[in-house]
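Undergrad: The structure's right below; bear with me while I get my questions together.
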Amino acid sequence: MQKLKDLMSRDVKVISPDATIREAAQQMLSGNFGMLPVGENDRMIGAVSDRDIAIRAVAEGKDGNTKVRDVMSAGIIWSYEDDSVDDAAELMSKHQIRRLPIVNTDKRLVGIVALGDFAVVSSDIKTAGETLSEISKP
């Protein structure tokens, strides 16, 4: 059984809730990813995605100086690094998310898994396909 720690990306960026959405978007662009965990006082308090910026900021006429905390999704779904890929896929399907922060036993952020990681690492792309199917349901 493959564990998340075997395929997660360990290069995870965290953004402050007081950063601007322009800074968040710039980090997403330079890192080629679409979600940033939001951290405050050494804890994850939420996440901000490219979709959050588009829907909760741009579509509502907010400018680039808007704070991340004003558009982020509060709370965050995560998994432990020793959890199985199948368990993570099920969690992502249930919550319709494409990116999942990964924590260690001390609940410290140690990585992130994206839906595409399942297909790239696994010789059986069934898990990624089924997860995408569930995530994409309205």
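The values are calculated or read from the model by the stated rules, or taken from the named source; none is laboratory data. Predicted, not measured: the structure shown is a model, and the values here were computed from it. Cβ sites come from the backbone with ideal geometry, for glycine too, and all protein chains shown count toward neighbours. SASA here: full protein model, heavy atoms, side chains in, ligands and nucleic acids out. Shrake-Rupley method; radii C 1.70, N 1.55, O 1.52, S 1.80 Å.
Undergrad: Between Lys62 and Asp82, what is the spin-label point distance in nm, taking each point 7 Å from the Cα along the Cα→C-beta axis?
TA: 3.9
Undergrad: Determine the per residue accessible area of segment 1-97 with all protein chains present and a 1.4 angstrom probe, expressed in square angstrom.
TA: Accessible surface, normalised per residue, equals 57 Å².
Undergrad: Okay, moving on. Between helix 85-95 and the chain, what is the angle of the helix's C-alpha long axis to the longest principal axis, kept within 0 to 90° and rounded to the nearest 10?
TA: 40
Undergrad: Tell me the chymotrypsin sites (Phe, Trp or Tyr not before Pro) within segment 1-91 that lie in a loop according to DSSP and have at most 10 other beta-carbon atoms within 10 Å.
TA: Of the chymotrypsin sites (Phe, Trp or Tyr not before Pro), not one in the loops of segment 1-91 has a Cβ with at most 10 other Cβ atoms within 10 Å.
Undergrad: Follow-up question, since we're still on this one. Among Gly75, Gly111, Gly39, determine the one that fluctuates most according to a GNM of the chain built with springs between C-alpha atoms less than 10 Å apart.
TA: Gly75
Undergrad: Once neighbouring chains are kept in place and the probe is 1.4 Å, which whole percent of the accessible area of the chain is contributed by carbon and sulfur?
TA: The value for the chain is 48 percent carbon and sulfur by accessible area.
Undergrad: In addition: Please work out how much accessible surface Ser49 shows to a 1.4 Å probe, ignoring ligands, DNA and RNA, in Å² rounded to 10.
TA: Using a 1.4 Å probe on the heavy atoms, I get roughly 20 Å².
Undergrad: Once the Cα atoms of helix 126-135 and of the chain are each reduced to a long axis, what angle between those two axes, in degrees from 0 to 90 to the nearest 10, is obtained?
TA: It is inclined by approximately 40 degrees.
Undergrad: For segment 1-97, what is the number of Lys pairs with C-alpha distance below 25 angstrom, counting only pairs 8 or more positions apart or on separate chains?
TA: 7
Undergrad: Another question about this same structure. Points 7 angstrom from Cα along the Cβ direction at Arg69 and Thr105: gap in nanometres?
TA: According to this spin-label approximation, the distance is 3.4 nm.
Undergrad: What are the semi-axes of the equivalent ellipsoid of the chain, taken as the square roots of 5 times the eigenvalues of the Cα gyration tensor, listed largest first and rounded to whole Å?
TA: On the way: eigenvalues 136, 58, 30 Å².
Those come to 26, 17, 12 Å.
Undergrad: In percent, how large is the relative contact order of the chain, given Cα pairs closer than 8 Å and 6 or more residues apart?
TA: Once normalised by length, the contact order is 27 percent.
Undergrad: A further question follows. Quick one: angle between helix 21-31 and the longest Cα principal axis of the chain, in degrees between 0 and 90, rounded to 10, please.
TA: Compared with the principal axis, the helix lies near 40 degrees.
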